[in-house]
Amino acid sequence: MNVPASWYLVLAAVLFAIGVFGLLTRRSALTIFMCIELLLNAINLTFVTFAHSLSDIGGQATVFFVMVVAAAEVTVGLGIVVTVFRRRNSTSVDELHELQG
Amino acid sequence: MNILATLLVLAPLAGFVFVLMAGRSQSEKSIGLVATSAVAFSFVMAVASFFVLLGEHPRSTTVNLFNWISAGNLHVSAALLVDPLSITMCLFVTGISALIHLYSTAYMHKEKDYRKFFLYLNLFVFSMLVLVLANNLVLTFVGWEGVGVCSYWLVSFYFDRESAASAGKKAFIFNRVGDLGLLIAMFLLFQHLHTLNYVGITAKAASLSPTTALLVVLALLLGAAGKSAQIPLFNWLPDAMEGPTPVSALIHAATMVTAGVFLLVRMSPVLTMSADGRLVIAIIGTATAFVAATIATAQKDIKKVLAFSTVSQIGFMVMAVGVGAYSAAIFLMISHAFFKALLFLGSGSVIHSLNGEQDLRKMGGLQKFLPYTFPTFLIGWLTISGIPPFAGFWSKGAVLTNVYDHNKILWLVGILTAVLTAYYMSRLFVLTFRGNERFREATEGHDPHESPWVMTAPLIILAVLSVLGGLLDLPWTHHGDLTSFLSPTLGYVPAGAPLSSTVQWGLGLVDFAAAIIGLLAAFSIWRDRYEDARFEKSFLERVWRWDDAYDLTIGRPLTSVAQFSGDVIEPKVIDGAVNGVAVTVARSVEGIAKVQSGYVRHYALAMSLALSVIIVYLVARVW
């Protein structure tokens with residue numbers, strides 16, 4: 001069975017849309033994190049798809065970079081979330097609005 | 001010669017560096033010893049250079065140290081010009097400096113800032129030597145500023161005293177005004193002669209136009225007036241007496257304040273070109289001599305009397321320069337250095353013995369308590385009063401004879417000043433050493449004590465020099481004297497009609513009579529009183545209201561301008577502009593600021609929408 005490349009792209013677009021929707025509507029920092037992961041993985045999926053259909057290894061290599069950076073970003077991000085939680089007993093990002101004009 | 005002259009200049013600098021590096025652990029003794037011997041070594045080098053110079057022909061050597069400035073057609077090298085004028089200056093500057101360093105080791109004993117004192121003093125001697133030995137105006141200016149800043153430091157040496165701090169500032173500011181004159185003179189000379197080298201200026205001076213020469217001379221006079229305390233910039237010098245007494249003796253009597261006269265003499269080839277300029281110089285000198293002498297008659301502080309006396313004597317030197325009697329000016333400068341250093345150190349010894357009392361009204365009867373200070377001070381007093389055969393009679397006589405030759409009116413004022421000189425010095429002498437003992441309060445009932453030998457030895461040496469100083473240039477010698485030694489370096493001035501020996505004798509007698517009149521007047525008035533408002537007019541005591549006039553014309557207007565700036569311009573104009581900008585910006589963005597809600601999702605939404613718009617645009621363009 002040969003799945004066409006466009007299916008993969010549609011799946012990636014759906015994942016991306018879910019991620020954006022979650023990012024815009026959710027208030028918990030943890031949920032937002034998960035949404036960001038969704039966004040990144042949607043991008044990864046398009047990279048892999050194109051790498052396969054264009055027979056270019058560059059796309060796949062980029063995915064590894066994205067994964068490494070994402071892992072690092074999660075580490076730092078969760079660290080910040082934990083610190084914020086300790087100080088405020090909440091991870092709601094709406095409470096972090098000291099920089100408003 | 002090269003090595004001698006270089007060592008001559010560098011020895012005090014080496015002393016300065018040593019004292020600078022010496023930590024607090026270094027004892028007073030070793031600091032005093034090194035500082036004094038550095039200057040003494042310098043003196044030995046000066047003597048050696050003098051004898052080497054005597055054997056040379058022509059008597060002028062330039063010692064090139066290094067190229068300093070080279071820009072366009074301006075080339076200035078750090079070079080020393082060793083010629084009769086500079087070596088004469090070096091000899092008495094280093095000699096007297098060495099004596100005063102020796103004196104200071106005892107006078108400053110146990111002072112908190114003993115080390116700092118010698119630091120400045122050595123740096124001063126170095127700067128002074130640079131000033132007199134430089135072969136161009138720029139390097140002279142370096143020394144000129146060097147002695148100025150050392151003077152400032154030393155005047156405000158006791159800077160925790162309000163009066164000393166402000167006296168230092170006053171000296172500094174008055175000197176800056178004078179420096180402006182010197183700078184203008186340098187600019188003019190470079191513009192017209194394209195050189196600042198003394199040898200070059202001497203060679204080309206004749207090509208100056210009369211107007212330029214007049215301007216240069218007036219600018220130089222302003223410079224000299226600042227440094228040498230002449231009208232209209234003379235009133236910083238009396239305030240400078242706030243410094244320690246050895247400083248008053250060295251810097252504010254014997255050496256630095258004569259730098260202005262030295263500069264004028266050094267530039268004498270230019271002075272030669274402008275008779276009008278010289279007349280102005282002579283008038284300024286005469287006026288200063290007279291005004292300062294009248295002020296000195298009414299001062300109650302022993303050092304203030306000597307300070308105004310210094311101003312007056314420098315006035316005599318400037319007068320001599322004005323009539324073209326350059327060597328007479330130098331002669332008076334040297335003998336003045338001897339006797340005024342002697343008088344200042346003597347007064348220092350008196351002050352020392354009275355635990356710091358400087359008021360003449362609280363002295364008197366010190367004659368029998370100070371067996372060394374008294375006779376040496378006596379000699380200093382007779383010398384400055386112009387009693388033969390001491391140095392003062394011959395040097396002042398040389399000046400007055402030359403003035404008589406050129407301008408009878410100035411001569412008359414000069415004689416009047418000589419009477420006043422003898423009068424105020426005799427008043428000082430009588431009030432200090434004779435009459436009732438009025439010092440018991442200052443000494444807490446004890447007898448005053450004579451100073452240690454390191455303080456009296458310089459007094460004795462200077463007294464001997466004051467007695468013998470006249471031998472440098474007796475009126476009837478014409479070979480091997482100061483005049484013939486100096487004349488190759490000096491500008492030429494047409495002499496007046498040659499004076500017959502009868503006239504010369506007559507002038508000498510008039511000088512002598514002037515001294516005697518002043519002396520007798522002072523003795524008859526002050527023998528049995530120590531203050532009298534009839535003879536000490538407050539107008540004179542307050543320096544002809546000169547300070548008040550400056551305060552009224554310059555000080556107060558400037559203060560009110562500053563006050564206005566501080567009260568109105570600063571808060572209203574400057575702060576108003578700055579705050580106005582800030583307020584305007586803040587008001588104009590009040591609406592836009594709402595956009596910054598602080599909610600992450602608002603920003604994310606904005607980003608997403610913007611991104612969507614961009615994508616739509618790109619896609620639309622492709623189709």
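The values are calculated or read from the model by the stated rules, or taken from the named source; none is laboratory data. The structure displayed is predicted, hence computed values, not measured ones. Methodologically, a virtual Cβ is constructed for each residue, glycine included, from the backbone with ideal geometry; neighbour enumeration extends over all protein chains shown.
Summary table
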| read-out | value |
| --- | --- |
| Residue list for the stretch B:23-57, restricted to those being outside any helix (DSSP H, G or I) and over 20 Å from B:Val454 (Cβ atoms) | B:Gly23, B:Arg24, B:Ser25, B:Gly55, B:Glu56, B:His57 |
| Residue within the stretch A:63-84 that is assigned to a helix (DSSP H, G or I), within 14 Å of chain B (Cβ to nearest Cβ), closer than 30 Å to B:Gly591 by Cα and over 11 Å from the mean Cα position of the chain (by Cα) present | no |
| Close pairs (6 angstrom Cβ cut-off, 6 or more residues apart or separate chains): of a type in the set (D, E, K, R) in the stretch B:476-493, assigned to a helix (DSSP H, G or I) anywhere | B:Asp481/B:Asp473 |
| Test set (1) over 30 Å from B:Tyr107 (Cβ atoms); (2) touching an Asp or Glu at 6+ places or on another chain (Cβ under 8 Å) - B:Gly226 fails condition number | (1) |
| Residue check, A:Ala17 more than 14 Å from chain B (Cβ to nearest Cβ), part of a helix (DSSP H, G or I) and modelled with pLDDT of 90 or more | no |
| Odd one out for B:Tyr120 among (1) closer than 30 Å to B:Val47 by Cα; (2) crowded, with 24+ Cβ neighbours inside 10 Å; (3) not hydrophobic (A, V, I, L, M, F, W, C) | (2) |
| Test: residue in the stretch B:377-386 that is hydroxyl-bearing (Ser, Thr, Tyr) and in contact with a helix residue (DSSP H, G or I) (Cβ under 7 Å, 6 or more places away or on another chain) | yes |
| Unique match (being within 12 Å of another protein chain (Cβ to nearest Cβ) and either at pLDDT 85 or above or within 30 Å of A:Arg27 (Cα to Cα) (or both)) among B:Ile614, B:Ile574, B:Ile592, B:Ile569 | B:Ile592 |
| Test: A:Leu40 is touching a Leu at 6+ places or on another chain (Cβ under 6 Å) and more than 14 Å from chain B (Cβ to nearest Cβ) | no |
| Single residue of B:Leu465, B:Leu519, B:Leu507 found to be within 30 Å of B:Asn135 (Cβ to Cβ), modelled with pLDDT of 80 or more, surrounded by 18 or more Cβ atoms within 10 Å (Cβ to Cβ) and among the aliphatic types (A, V, I, L, M) | B:Leu465 |
| Cβ pairs under 6 Å, 6+ apart, first in the stretch B:378-406 and crowded, with 24+ Cβ neighbours inside 10 Å, second of a type in the set (Val, Ile, Thr) | B:Phe390/B:Thr383; B:Phe390/B:Val467; B:Ala391/B:Thr383; B:Gly392/B:Thr383; B:Gly392/B:Ile384; B:Asn402/B:Val323; B:Val403/B:Val323 |
| Criterion (buried (at least 19 other Cβ atoms within 10 Å of the Cβ) and outside any helix (DSSP H, G or I)) met by exactly one of B:Val63, B:Val93 | B:Val63 |
| Failed condition for B:Tyr120, given (1) in a helix (DSSP H, G or I); (2) of a type outside the set (A, V, I, L, M); (3) touching a residue at least 40 places away in the same chain (Cβ under 8 Å) | (3) |
| Failed item in (1) part of a helix (DSSP H, G or I); (2) within 14 Å of chain A (Cβ to nearest Cβ); (3) out of contact with any Asp or Glu (no Cβ under 9 Å at 6 or more places or on another chain), with B:Arg601 passing the rest | (3) |
| Verdict on A:Ile43 being under 30 Å from A:Arg88 (Cβ atoms) and part of a helix (DSSP H, G or I) | no |
| Residues of the stretch B:488-507 satisfying the condition of being touching a Pro at 6+ places or on another chain (Cβ under 8 Å) and small (Gly, Ala, Ser) | B:Gly491 |
| Filtered residue count, the stretch A:20-37, keeping only those that are within 11 Å of chain B (Cβ to nearest Cβ) and either aliphatic (A, V, I, L, M) or outside any helix (DSSP H, G or I) (or both) | 8 |
| Pair list, Cβ < 7 Å and 6+ apart or interchain, from the stretch B:543-564 residues that are within 15 Å of B:Pro238 (Cα to Cα) to residues that are exposed (fewer than 13 other Cβ atoms within 10 Å of the Cβ) | B:Arg545/B:Phe539 |
| Leading residue by the ranking (surrounded by the fewest Cβ atoms within 10 Å (Cβ to Cβ)) among those in the stretch B:1-56 that are in contact (Cβ under 8 Å) with a residue 60 or more places away in the chain and among the hydroxyl-bearing types (Ser, Thr, Tyr) | B:Thr6 |
| Within the stretch B:431-468, tally of residues that are farther than 27 Å from B:Arg529 by Cβ and touching a residue at least 40 places away in the same chain (Cβ under 8 Å) | 18 |
